[in-house]
Amino acid sequence: MQFSRDKRVPMLATMVTVVLCGCGGDADDATGGPPTILQTRITVAEDDATDTPDGRTALVVEAWVDDPNDDIAAVYIASASMAMYAGDVELTAPVDLDFESEERSQGRDTLVNQLWVKALDISTPKVSDAVEFAIVVEDHGANSAGKTATASPADWIPDGRKASADYMPLTVGNSWRYRDRNTDEAYTNTVTGVREEAGVSWFVISNEWGESLRRKDVFGDVFRRFEFAGEQVYGERTLDRDRLVGRPWQSRTTFQDPAGKVWVDQVWYRIESTSATVVTPAGTFVCILTQAAGDTEFVDGVIETWYADGVGIVRERRVNSTFLPEYDYELVSYDLMD
């Protein structure tokens, strides 16, 4: 899906280059109304300048849009502090942003239809000045909103994803030992190898109960778990520190039981804090704290998870559970190969 209108200039190629030319807030809980740009981000693409002319730096421009009426017509770059190119062709604003994903949360304390859109691999010469993109969202009811994406090259994170990836270091030999604060039950997760499944490389995580497969995806971590007694469970979990704190999103997670039956459950996630301090036997950590809530066979009550930069999960607990055991595992020790 791509937002577009007849007068919009489409993205002419995957690689868009930009040359400096000197040209020229958060939403409340929504129950309907005009669209809002919740936040924006400019990051350096993974390939950086390898495929750009004249040694330019490839950028990614992103926007998260709250669409309470589910009627977005267009999201686009209205202006920029630099000339924009697709290959050698200069683009004229407005330039559409492509639709990437949609996450809807409804029936709790908010109604959110959040869209993630981006222009991929926009580039600029290697300069020290900040760059700006004015981004606008419009709906079919002629409502609009704008927000400026601004970033300095000194603040750019390659592709915006290494920050998330650091919260789940996956190197063969890495290990983490956890103990339940309530029962003293303990287990150790160890990255024991790499396995190919359906043409995709997965890291094998082994512990006293069996194995799980895990890989990193563009927006955090995607999990495929093999549970007790060989029961297979396929699911996804996303970790993205740039999501708005306290605003929930809904994950459509696919599960498969041993008999091959497949179904989809709805699980609500939200980031409670990006600076939560946790004291464990392994040390004191400043963490991203996430919550997952749902009434499913695999997510019951509320699961809170603390992720520490460069370490991984340092604490996880289930509370307010109806039919699954509650637990409160904390990190006792860890050994990382990196």
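Of all residues being surrounded by fewer than 23 Cβ atoms within 10 Å (Cβ to Cβ) and among the β-branched types (Val, Ile, Thr) in the stretch 305-321, which is modelled with the lowest pLDDT? Just the residue, please. Per the stated criteria, the residue is Val319.
Of the candidates Ala63, Ala78, Ala49, Ala93, the single residue that is at pLDDT 75 or above, closer than 20 Å to Val131 by Cα and in a loop (DSSP other than H, G, I, E, B) is Ala93. Apart from one condition, Asp300 fits all of (1) touching a Phe, Trp or Tyr at 6+ places or on another chain (Cβ under 9 Å); (2) part of a strand (DSSP E or B); (3) at pLDDT below 90; the exception is (2).
The values are calculated or read from the model by the stated rules, or taken from the named source; none is laboratory data. Bear in mind the structure is a predicted one, so any value in this text is a computation, not a measurement. Methodologically, a virtual Cβ is constructed for each residue, glycine included, from the backbone with ideal geometry; neighbour enumeration extends over all protein chains shown.
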